[in-house]
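Data block below; observations after.
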Ligand code: MTE
Ligand code: CO
């Protein structure tokens, strides 16, 4: 995806403005409740005067029709063809920490492979005692585990390096999803094949037309990688690698090979395309960082945000967002309303799990004045999410991948939010 970013000047004012909703409508007053007498509660409504749909109307249920706006979206100019493209998770519409399967962002390099489970095979070969081929039925006989992990594409927020660009957290931060996986520890399958002592690296390979491959060090494979077949309790979606994908917790999304067909064991990294010309980080001195596997701690305010303006006017309000770290948990998130002059500790809510998304809230009384909103994540290693300037001081301006800097939303008196850069 690198070329398409080059030469782009900040153009947020012209971009995606349509996504911002209409102005404020002061209906609830400062209390967040309303006086009795509303006809919607005192009068009989149409939906209580007819019989509704019965069971079996939808054997596989869909969201309410009133939620049709909650959907993945792409950015048309970003890639030339949907077959090698990306779309974005609607973070601004979600709450809690789990991404519903139907809105998990998609990144394909050769479109979605359609593989019937009976035709599925996984091979382990290379520096092993016994090269093996597993069918789906074979895999189902290995002990399985459940873990919630975020998957973040290394290119998430990549468009924002040089200046604020895209108007909405869906577009600036939506190359991420957070899902409960059911899968077999990769270690168990490798032990079955018997890794030779010279076997130090793995090359997982996808069965899709892109034949995606990445080199993964043996320690990671033996630690927490999963060969996963379920997401949020049901089969993986085709877009997410049905029937089987690799889960590489906390590490960049590119390594999570979908439609996993083969794992080769070798004694050194392969340096294939996705770890040389792509997914390396060009520094200011012209040198590139070779492997940047771990995803650094990061957070974003999802509401208010450009696609989720404040529509209720001043008074009681809820600010919320998500935070994550590839190195552990997020014990703390700070929030500022004034561009970093004063910081407040946000309220964390929901399960706190290793390498999973965390949810934070800040409940406050809005005085109706303009705000500069930012969030700052602290992870369990003590690392603190940097400002954009701090990150650029180390990484230079040429980078695309691994932008974990603090995001700013400017909110005006009408409650309309915009992507801006202040630090
Ligand atoms: N695996 C295969 N086989 N083919 C691909 O195109 N894309 C990678 C990775 N695994 C890809 C793949 C990239 S760059 C990312 S960010 C994640 O899958 C995206 O996973 P998702 O589509 O579930 O969001
Ligand atoms: Co990616």
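The values are calculated or read from the model by the stated rules, or taken from the named source; none is laboratory data. Since this is a predicted model, take the numbers as computed values, not measurements. With ideal geometry, Cβ positions are generated from the backbone for all residues, glycine too; neighbour counts draw on all protein chains shown.
Below is a table of values for the structure above.
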read-out: Hits in segment 392-409 (condition: more than 23 Å from the chain's Cα centre (by Cα) and not in a loop (DSSP other than H, G, I, E, B)); value: 393, 394
read-out: Elements of type strands (runs of 3 or more DSSP E) contained in segment 240-333, each with 1 or more residues being away from ligand 2 (no atom under 16 Å from the Cβ) and at pLDDT 95 or above; value: 260-266, 298-303, 315-324
read-out: Any hit, segment 173-184, residues being within 15 Å of ligand 1 (Cβ to nearest atom), surrounded by 21 or more Cβ atoms within 10 Å (Cβ to Cβ) and free of Cβ contacts under 8 Å to residues at least 24 places away in the same chain; value: no
read-out: When residues of segment 353-363 are limited to those that are touching a strand residue (DSSP E or B) at 6+ places or on another chain (Cβ under 6 Å) and part of a loop (DSSP other than H, G, I, E, B), the one nearest to residue 248 (Cα to Cα); value: 355
read-out: Scan of segment 213-239 for residues that are touching a helix residue (DSSP H, G or I) at 6+ places or on another chain (Cβ under 8 Å), away from ligand 2 (no atom under 15 Å from the Cβ) and closer than 27 Å to residue 103 by Cβ, ordered by number; value: 225, 226, 227, 229, 231, 232, 234, 237
read-out: In segment 99-117, residue nearest to ligand 1 (Cβ to nearest atom) [restricted to those that are closer than 21 Å to residue 62 by Cβ and surrounded by fewer than 18 Cβ atoms within 10 Å (Cβ to Cβ)]; value: 101
read-out: Sole residue being within 16 Å of ligand 2 (Cβ to nearest atom) and either farther than 23 Å from residue 241 by Cα or without any contact (Cβ under 8 Å) to a residue 40 or more places away in the chain (or both), chosen from 56, 74; value: 74
read-out: Filter result (crowded, with 17+ Cβ neighbours inside 10 Å and either at pLDDT below 95 or away from ligand 1 (no atom under 13 Å from the Cβ) (or both)) within segment 60-77; value: 73, 75
read-out: Among (1) outside any helix (DSSP H, G or I); (2) within 16 Å of ligand 2 (Cβ to nearest atom); (3) farther than 30 Å from residue 320 by Cα; (4) in contact with a strand residue (DSSP E or B) (Cβ under 8 Å, 6 or more places away or on another chain), the one test that residue 83 misses; value: (1)
read-out: Entirely in segment 123-212, the strands (runs of 3 or more DSSP E) that have 2 or more residues that are away from ligand 2 (no atom under 16 Å from the Cβ) and over 18 Å from residue 236 (Cβ atoms); value: 132-134, 201-206
read-out: Residue match in segment 146-153 (condition: modelled with pLDDT of 95 or more, touching a helix residue (DSSP H, G or I) at 6+ places or on another chain (Cβ under 7 Å) and away from ligand 1 (no atom under 13 Å from the Cβ)); value: no
read-out: Residues located in segment 279-300, provided they are in contact with a helix residue (DSSP H, G or I) (Cβ under 7 Å, 6 or more places away or on another chain) and more than 16 Å from ligand 1 (Cβ to nearest atom); value: 283, 300
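Residue-by-condition table, conditions (1) within 11 Å of ligand 1 (Cβ to nearest atom); (2) surrounded by fewer than 23 Cβ atoms within 10 Å (Cβ to Cβ); (3) within 27 Å of residue 277 (Cβ to Cβ):
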residue: 204; (1), (2), (3): yes, no, yes
residue: 227; (1), (2), (3): no, no, no
residue: 230; (1), (2), (3): no, yes, no
residue: 237; (1), (2), (3): yes, yes, no
residue: 249; (1), (2), (3): no, yes, yes
